[in-house]
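Take a look at the structure set out below.
FYI, it's all coordinate maths here, none of it is from the lab. Keep in mind that this is a model prediction, so the values were computed, not measured. Cβ placement follows ideal geometry from the backbone for every residue including glycine, while neighbour counts extend to all protein chains displayed.
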């Protein structure tokens, strides 16, 4: 049969069942009698729950009162949010001295200031900024939170961190305004852009030295009041523990995952043992072991406080879980990528850091963020071994005389707090995934 | 059909082989666990020589060239590349790999990097070339494979033929002495085979030492100084292309040529 097309077939709009609200409703909610019934029942359940919650939590709720009894006097079948608002500081900071709270806030603000440039499009040198966040910020924040005498090492690190933070911030502002880096800006301002590379480098090192000296002399006179770790608590403590856990999980995980895939049997067996040991034990057991058994393994004379023990335990635990995630990512990278990296002459470390790891981590973003979220929630277990983190404080309120027996409201508040943090994290991971996969799908 | 077009436009290339030996294999044996893949392979390749390796699948031809840059390890015999014997010494292996470029059947571009970054990765990190120079070289090779306008795209946005040309350019950026091709056109749609073969013919014209595993017999006729036929881990027959195709000696060669031509 012979056929030759004469006219192109015309394009027509989709039928109404595809492209209208009624069409959508019919297709998705009322496609059969059973589906219609289920839709109506579900809507009814949602309606009843929302109405109940609304009247209990909003219309009948008490927002200001001094004690739980007062709450009941005002409204017997409403939520007593007064207790939550009165205890807000406790939830956020635990028993951190009230007149020193600014230190915690300042620490948080510094972290935001430090990391914000990582999201600004025109700023250069993001790897450097990221590295200094991991290696310098903890010293500054640690001293700010704990206070007390600083040894010479801490003085140097704190000064370096302050200089770095100032430089980062300046660099970001200049970068956003002009697209230049701080060194380029300084050299131009001094009119030395014609000088040789060596001279330029010397000028920059000189400026850095002067800044460091000024900060170092300045900080010598100031000492922050000691706040013992036993006073740390609330959301602040939760974020400290999980923050350190999250920051160290990836490096530990990467090292363990590479070790597990190593060709050297000793390293491989060591890593497998370590990973499987930690993964086969619940976190709460690891925490108990860390606080009771770790001191037995330490050399005599070294006494770690409970917080440090807990943090070490959390880091190792999260690192081992991350190791398995990273390993899954490594296995998902096709063998051809390893071979191609070899054939352009890259050695093991070049291949891993430039070719394989970026792809593996990108593939694993949802899992990585998932385990970060898990870690954040898991750290509430430290309340069982006597640390007053957010969960500890949410439960402590019911033992406070004026608010005795107040359980539901603070826990609901805590739940919403966790939901917000975790939801933001998972949304961000989606965004990151979309951004990284833009234009480079296999 | 595509390869016939190539033949018309180019005609047989003159040999560029010199007397200098650049690859030497002596009694090379390899096993995958207990499967004997390469059996007593002897092969000498001269500088500038262009060799096409063909044979049925599973005959060991890919394994042979993958041994030359040590993507596969051989168990017995010597492989000497550019005067260096391949052994357990990682330094030697890394050095040889910088001198030997390789193009794969499945392209193996780095999907997380742009085309330009794919090309500059080796020169910058292995050859320690300044970034600006590396990019200049990369653009030169991209022009040679006729896709400079794709420099800022990601591999996933390119067609198979374009990706394979990028892969060739990526190898050339390392300025290798030898190029290995492992079935470079087997994963391509028919209409893209020619653009890749044309680039390879041009490369051959520059006097590059090439070992090509392929079933593109038209390409072999124009470019090859020597065609090697492998079967079951043996080199069964090798000869100049005209003799090889017109007057095959071994019964297995005859059978193979009957099946593919």
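Restricting attention to chain B, close to 55% of DSSP beta bridges with both partner residues there are antiparallel. Note on the range A:173-321: Kirkwood radius taken over Cα pairs, Stokes-Einstein applied at 20 °C and 1.002 mPa s, translational D equal to 106 µm² s⁻¹. Going 7 Å from the Cα of residue B:255 in the Cα-to-Cβ direction, what parts of the range B:48-90 have a backbone nitrogen less than 16 Å from that spot? So the set is B:55-60. Its relative contact order, with pairs defined as Cα atoms under 8 Å and 6+ residues apart, puts chain A at 16 percent. Which residues does a label at residue A:332 reach in the range B:138-161, if reach means a backbone N under 18 Å from a point 7 Å past the Cα toward the Cβ? Output list for this probe position: B:156. Between residue A:66 and residue B:57, the simple spin-label model (points 7 angstrom out along Cα→Cβ) gives 8.7 nm. As a proxy for reagent exposure, B:82, B:87 were ordered by neighbouring Cβ count within 10 angstrom, fewest first; the result is B:87, B:82. The packing ranking of peptides A:249-255, A:166-172, A:10-16, highest mean first, is A:249-255, A:166-172, A:10-16, where packing means the average number of other beta carbon atoms within 10 angstrom of each residue.
Here the Gaussian network model covers chain A, with springs between Cα atoms less than 10 Å apart; of A:93, A:348, A:44, A:44 fluctuates the most. Full extension of the chain between residue B:91 and residue B:186 yields a length gain of 30.9 nm, computed as 0.36 nm times the residue separation minus the alpha carbon distance. Using the Cβ-Cβ distance between residue B:31 and residue B:206 with R0 set to 35 Å, the FRET efficiency works out to roughly 0.40. Each label point was placed 7 Å from the Cα along the Cα-to-Cβ direction; for residue A:20 and residue B:133 their separation is 7.0 nm. Counting only other chain Cβ atoms within 10 Å of each residue's Cβ, the peptide A:332-343 averages 6.
Binning all Cα-Cα separations of the range A:16-86 at 10 Å, short to long from zero, yields these whole-percent fractions: 19, 26, 17, 15, 16, 6, 0. Using a Gaussian network model of chain A in which every pair of alpha carbons under 10 angstrom is joined by a spring, one finds that among A:161, A:415, A:396 the greatest mean-square fluctuation is at A:415.
Using bins of 10 Å that start at zero, the share of Cα-Cα pairs per bin across the protein assembly as shown amounts to 2, 10, 16, 17, 16, 15, 12, 7, 3, 1, 0, in whole %.
Straightening the chain between residue A:127 and residue A:230 buys 33.6 nm, computed as 0.36 nm per residue apart minus the Cα-Cα spacing. Based on C-alpha pairs under 8 angstrom that are at least 6 apart in sequence, the range A:38-119 has a relative contact order of 20 percent.
Applying 1/(1 + (r/R0)^6) with r as the Cβ-Cβ distance of residue B:75 and residue B:159 and R0 = 41 angstrom yields a FRET efficiency of 0.55. Within the range A:304-321, whose backbone N sits under 19 Å from a point 7 Å along Cα→Cβ of residue A:270? Backbone N within reach: A:316-317, A:319-321. Mean per-residue shielding of peptide B:119-125 is 4, counting Cβ atoms of other chains within 10 Å of each Cβ. Every Cα-Cα pair in the range B:201-261 was counted, and those over 16 Å apart are 43% of them. Length available on full extension from residue A:308 to residue A:119: 0.36 nm per residue minus the Cα-Cα distance, which gives 64.9 nm.
To the nearest 0.05, what FRET efficiency results for residue B:149 and residue A:11 with a Förster distance of 35 Å applied to their C-beta separation? So, using R0 = 35 Å, E works out to roughly 0.65. Only alpha carbons enter this Debye calculation for the range B:116-175, each as an equal point scatterer, and the log10 of I(q)/I(0) it gives at q = 0.14, 0.20, 0.23, 0.28 Å⁻¹ is -0.32, -0.64, -0.83, -1.18. Taken residue by residue and averaged, Cβ atoms of other chains lying within 10 Å of the Cβ of B:105-117 number 5.
Sorting the segments B:158-167, A:81-90 by their mean number of nearby beta carbons within 10 angstrom, highest to lowest, gives B:158-167, A:81-90. The helix-only estimate of mean residue ellipticity at 222 nm for chain B, built from DSSP H runs of length n ≥ 4 each weighted as -39500 (n - 2.57), is -12000 deg cm²/dmol after division by the residue total.
Give me the one-decimal Kirkwood hydrodynamic radius in Å for the range A:83-236, with the sum taken over alpha-carbon pairs. Value: 17.5 Å, from the Cα pair sum.
Let me test this: with uniform point scatterers at the alpha carbons of chain B, what is the Debye-based log₁₀ I(q)/I(0) at q = 0.07, 0.08, 0.16 1/Å? Cα-only, vacuum Debye calculation for chain B: -0.24, -0.31, -1.27.
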